[in-house]
Amino acid sequence: MPFKPVFPDSKRVKSEDKLVDADLENVDLKNHLFVRLVAKQRRFTSADFRYCIFDTCYLRKCVFDSCDFTGCRFVGSILYGSTFTGCRFDYALFERTVVDNDLLETGCPGTENLKMRFARSLRMNYQQLGDSKSANKAVKVELEATEVYLNKAWSSNESYYRHKYAGWKRIEIFGEWVGFKILDWVWGNGESAWKLLRAVGVALLIMWGFGLLFGDHERFGFFGTLIQTPATFLGTVERPNYPQWYLVNVLVARLVAFGLFMSIVIKRFNRR
């Protein structure tokens, strides 16, 4: 009986230091390793690039129409000015690759789980390049896809979700969705200082109600109590008439709000 290797050869074709000197249409180029491939202002129509690796390639101002990039990996490549129309990027990965952020509008996979991973890959790619604007755009797409995915994971009757999240897993994913929605409302899952400011505003209104309950309206008046609330939140004044448990909760809320704000600021600066 002939010996069958445990890991047969994948038959990957290596193309090194090649130049594309003409437009290509309906070509089968899957499972290639392109090293330092060069193409400028070329058009690729219905090309099959599945499972290819693009390593330090230069593909500038090219047009990719209805191409399949499933399972592709782009490493240290330049795709500046290239456009992608009707292309497929399922399971594609990007590392240190210059590519226009328009790809987030035209190249996202259709299903939420693949769209989420695609946007995450581009976000990490843009962060490696220091492109904060594109990274922020990728984060937005990733969060939108994550919200839809978590919602469908517990509520949808689609076979994919019901097979993957059955029984207790459905309850667990529901908890993840609730946590995601709460954090999104509080601070946009780390991306919105305005939402954090809104949450602090709601906290101040609640504290205003407690201030009225504890008798501050007798000293400062109805609206005067509201004016005094920020000082209570920041801890710049003492409130001996307030119970200790309440002041402890205000301190915790203040520290959490400050920590969330600093996290947003640090994230913004890290992307630069």
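Points to keep in mind about this one:
- In segment 165-206, the residue that is nearest to the chain's Cα centre (by Cα) out of those that are modelled with pLDDT under 90 and of a type in the set (A, V, I, L, M) is Ala193.
- Boolean, Arg219 is surrounded by 11 or more Cβ atoms within 10 Å (Cβ to Cβ), in contact (Cβ under 8 Å) with a residue 24 or more places away in the chain and not polar (S, T, N, Q): no
- Phe220 fulfils the conditions (1) out of contact with any helix residue (DSSP H, G or I) (no Cβ under 7 Å at 6 or more places or on another chain); (2) in the same structural domain as Val237 (by TED's automatic domain parsing); (3) among the aromatic types (Phe, Trp, Tyr) except for a single criterion, (1).
- Note on segment 63-110: enclosed strands (runs of 3 or more DSSP E) holding 2 or more residues that are in contact with a helix residue (DSSP H, G or I) (Cβ under 9 Å, 6 or more places away or on another chain) are 83-85, 93-95.
- Scanning segment 132-189 for residues that are closer than 23 Å to Arg268 by Cβ and of a type in the set (Ser, Thr, Tyr) turns up Ser132, Ser134, Thr146.
- A single member of Gly211, Gly179, Gly175 is in contact with a helix residue (DSSP H, G or I) (Cβ under 6 Å, 6 or more places away or on another chain) and not aliphatic (A, V, I, L, M), and it is Gly211.
- Scanning segment 91-118 for residues that are under 14 Å from Ser66 (Cα atoms) and out of contact with any Lys or Arg (no Cβ under 9 Å at 6 or more places or on another chain), we see that the one that is modelled with the lowest pLDDT is Thr106.
- The lone exception for Glu144 - which of (1) in a helix (DSSP H, G or I); (2) buried (at least 16 other Cβ atoms within 10 Å of the Cβ); (3) in contact with a Lys or Arg (Cβ under 9 Å, 6 or more places away or on another chain) it fails: (2)
- Complete set of residues in segment 185-206 that are in contact (Cβ under 8 Å) with a residue 12 or more places away in the chain, farther than 19 Å from Lys140 by Cβ and out of contact with any Leu (no Cβ under 9 Å at 6 or more places or on another chain): Val200, Ala203
The values are calculated or read from the model by the stated rules, or taken from the named source; none is laboratory data. No experiment lies behind these values; they were computed from the predicted model shown. All Cβ positions, even for glycine, are placed from backbone atoms using ideal geometry, and neighbour counts span all protein chains on display.
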